[in-house]
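Written out below as structure tokens is the structure these notes cover.
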């Protein structure tokens with residue numbers, strides 16, 4: 001069975017909210033019903049076939065072709081199945097994702113993996129600010145699952161993150177891991193200023209010593225056996241992190257201004 | 001434009017009309033007497049078989065001011081979960097426990113309410129409250145200025161200033177904050193909290209000012225009475241929510257020494273300490289005292305089971321409750337060194353012993369208090385439940401079978417502690433019309449509202465009689481606001497702007513000299529900026545000030 005494919009017909013002027021298009025919400029629908037799904041476009045609700053050429057039958061495998069940064073909420077609250085996005089994605093990619101896989105072959109805007117609870121988000125490109133953050137007004141960000149970014153991430157990556165794993169192969173903007181409550185963020189590239197700002201607990205894994213602000217304290221060099229176990233668990237992930245096997249790190253603790261139980265580990 | 005409402009069954013307790021079939025005529029927003037035969041009637045509504053009442057009045061509901069806004073900001077999940085989309089007429093909004101201003105107005109009107117009063121209008125924050133209420137469409141509104149813990153007043157009391165000076169200050173506050181009443185919250189307690197007192201009983205002194213809540217109550221209730229303000233002093237007593245606080249409440253009733261008092265959300269102040277869990281119903285004793293003391297009135301502040309948020313000026317009690325909130329977050333703060341504020345979200349559950357008993361205590365007070373003119377239907381929105389649950393509450397009061405069914409679902413220990421199932425009383429439509437219309441208008445001092453007599457503002461609600469009272473009161477057939485049809489079949493058909501009701505008691509302007517000195521020395525703003533003018537409220541064509549006469553107050557009982 002061929003994947004259910006939504007090919008964007010024209011350039012969008014307003015933001016388009018595609019939250020009703022997920023494998024679990026479409027699982028028992030026929031092509032007519034799927035075409036008639038109402039989507040918010042700016043302040044109007046319009047049928048899905050106004051925007052997309054729809055083909056294919058397998059609702060468990062959804063593909064967005066020719067996608068643009070105006071398409072928000074891809075994979076919203078998804079519980080099963082798989083979504084592949086070819087092109088760019090808008091804000092709130094994989095918002096509250098619970099299970100299943102979302103793959104993006106392009107760049108994502110802000111708030112990717114916002115309030116994500118489980119599953120896998122793979123981005124073959126860059127992401128904007130607030131990756132794995134909290135919904136505005138909420139006090140807890142990403143709660144579980146794995147996010148892999150092949151490119152760069154913006155500012156406030158992992159803001160208020162509560163649990164889960166974010167692995168970034170490129171660079172990250174300032175305030176990485178700000179107000180983080182728990183969870184793990186790995187970065188292979190550079191990080192900007194104020195890493196771990198207001199961090200309460202959690203682990204930031206880096207390969208280069210970053211510029212640190214005053215309330216992050218150096219704790220010396222350590223051999224941490226748990227790192228071997230952690231890297232072993234990365235073996236099957238589609239990421240450069242799967243190749244790392246090292247447990248000698250320099251450890252920094254912080255943010256002392258907020259409990260200071262978080263750690264920044266720099267691989268030696 | 002002459003409108004005839006023909007053949008409806010009218011409930012107008014202010015004129016002792018109990019279900020009589022009558023025609024009502026409306027001209028230019030007012031109810032008029034029967035026109036001459038040669039006058040043409042422009043529009044007739046055939047209401048035969050329908051129930052006709054004045055528009056309902058909510059005399060205690062938190063719909064404006066800093067604390068409501070804090071509740072809105074603190075509960076994004078409440079807003080996300082309950083969006084209301086815009087329509088051709090109405091603006092969009094959201095919120096179940098703390099709805100946005102426009103949504104508040106629409107929802108009230110769609111339930112047949114045409115007036116609502118914000119009971120905790122902090123004078124220093126009055127402009128914010130009036131701006132929010134200015135964004136609340138259709139309904140009339142007004143506020144009770146919250147004093148009694150402000151430093152200027154406590155200084156006066158500590159200095160044993162003459163009662164006339166206190167009267168002048170109270171009147172000045174009412175003018176400056178455009179209020180229709182005076183409210184006191186945890187008398188002196190908001191201030192005592194700032195001097196590290198964590199509890200304050202009626203006869204306990206504020207450590208800084210050496211004044212007791214009893215002195216505050218006496219001075220303010222007397223001031224309100226002597227100024228001729230129709231609404232008695234609106235009292236949120238000490239020890240809210242504390243087991244055993246019924247003793248404080250009973251003593252509070254005597255504290256005004258005969259001057260009228262209105263005890264608000266009395267359910268939260270009617271707890272005993274009997275039983276294994278040291279928490280019991282004080283409803284019987286409270287209701288008996290209410291029946292006996294004719295100078296006391298009360299509204300219930302019924303709780304209903306659901307998620308809501310408690311918003312109060314009582315920082316002392318809210319601080320104590322802040323660990324019990326759900327979801328667990330809270331804001332307890334000072335307002336401009338002059339007042340306080342505490343916001344704690346709450347989820348009342350029917351399987352929780354305390355919540356279940358609170359529910360039963362509220363209903364016991366409703367049913368054991370004899371005089372519906374002195375007990376009012378509120379949930380202390382949003383503290384006990386959002387105002388949108390009023391139809392459900394009315395059904396609980398009017399339908400004993402339904403009430404007992406609901407009671408049977410409660411926590412069993414709570415059932416064992418309550419006498420609710422043995423109370424047979426059912427409220428009639430006439431009683432409901434008293435509680436929510438005639439009585440409320442009389443209590444607040446709205447002389448031209450809450451009744452259907454000639455000259456009254458044409459705020460009229462028309463229902464289809466239905467044995468299921470929840471359905472009946474949730475969706476009126478027609479609601480007229482100042483003679484205009486604003487709601488049809490439970491949906492807004494026209495958006496109008498209501499009045500802001502105030503009173504303007506006379507006072508000696510010389511008091512301003514002292515107040516100005518105080519402002520210049522201590523306050524965060526200039527005295528002239530503190531005052532809210534009539535023009536500010538009328539700005540933008542959204543209603544204006546309606547000044548109610550300082551008369552019709554209840555007599556002092558001595």
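Read-outs throughout are calculated quantities, based only on the coordinates presented, and are distinct from any laboratory measurement. Everything quoted here is computed from the prediction, not taken from an experiment. Neighbour counts run over all protein chains shown; Cβ positions are idealised from the backbone, glycine included.
Please work out the C-alpha center-to-center distance from region B:64-111 to region A:240-268 and express it in whole Å.
Rounded to whole Å, the Cα centres lie 45 Å apart.
Which of rounded, prolate or oblate describes region B:263-366 when judged by the alpha-carbon gyration tensor and an a/c cut-off of 1.5?
Details: a/c = 2.14, a/b = 1.31, b/c = 1.63.
Verdict is oblate for region B:263-366.
Rounded to the nearest 0.05, what FRET efficiency is calculated for residue A:44 and residue A:24 with R0 set to 22 Å and r the Cβ-Cβ distance?
Values: r = 26 Å, r/R0 = 1.16.
FRET efficiency, residue A:44 to residue A:24: 0.30.
Taking the beta-carbon count within 10 Å as an exposure proxy, list B:246, A:161, A:230 from fewest neighbours to most.
Details: B:246 25, A:161 31, A:230 18.
The order, fewest Cβ neighbours first, is A:230, B:246, A:161.
Let's test the formula: R0 of 30 Å, r as the Cβ-Cβ distance of residue A:245 and residue A:99. What FRET efficiency results, to the nearest 0.05? Please list the in-between numbers first.
Details: r = 29 Å, r/R0 = 0.97.
That pair, residue A:245 with residue A:99, gives E of 0.55.
Need one number: nm distance between label points at residue A:65 and residue A:53, each 7 Å from Cα along Cα→Cβ, rounded to one decimal.
Between residue A:65 and residue A:53, the label points sit 0.6 nm apart.
How many nm separate the modelled label positions at residue B:284 and residue B:509, each set 7 Å beyond the Cα in the direction of the Cβ?
Taking the simple label geometry, residue B:284 and residue B:509 are separated by 5.8 nm.
So for B:501, B:262, fewest C-beta neighbours within 10 Å to most, what's the order?
Working: B:501 25, B:262 29.
Final ranking by Cβ density, sparse to dense: B:501, B:262.
Going by average Cβ neighbours within 10 Å, how do the peptides B:366-379, B:263-276 rank, with the highest at the top? List each step's numbers first, then the result.
Details: B:366-379: 22.1, B:263-276: 23.6.
Top to bottom by mean Cβ count within 10 Å: B:263-276, B:366-379.
Quickly work out the residue A:219-to-residue B:517 label distance, labels modelled 7 Å from Cα along the C-beta direction, and quote it in nm with one decimal.
With each label point 7 Å from Cα toward Cβ, the separation is 6.2 nm.
Cα centroid distance between region A:162-196 and region B:255-289, in Å?
Between the Cα centre of region A:162-196 and that of region B:255-289, the gap is 55 Å.
At a Förster distance of 22 Å, what's the computed FRET efficiency of residue B:195 paired with residue B:251, Cβ-Cβ distance as r, to 0.05? If you can, show how the numbers build up before the last one.
Numbers: r = 23 Å, r/R0 = 1.03.
According to the calculation, E is roughly 0.45.
Could you tell me which of rounded, prolate or oblate describes region A:75-142, using a ≥ b ≥ c as the square roots of the eigenvalues of the alpha-carbon gyration tensor, with rounded for a/c under 1.5 and, failing that, prolate when a/b is larger than b/c and oblate otherwise? Walk me through the intermediate numbers first.
On the way: a/c = 2.29, a/b = 1.18, b/c = 1.94.
Verdict is oblate for region A:75-142.
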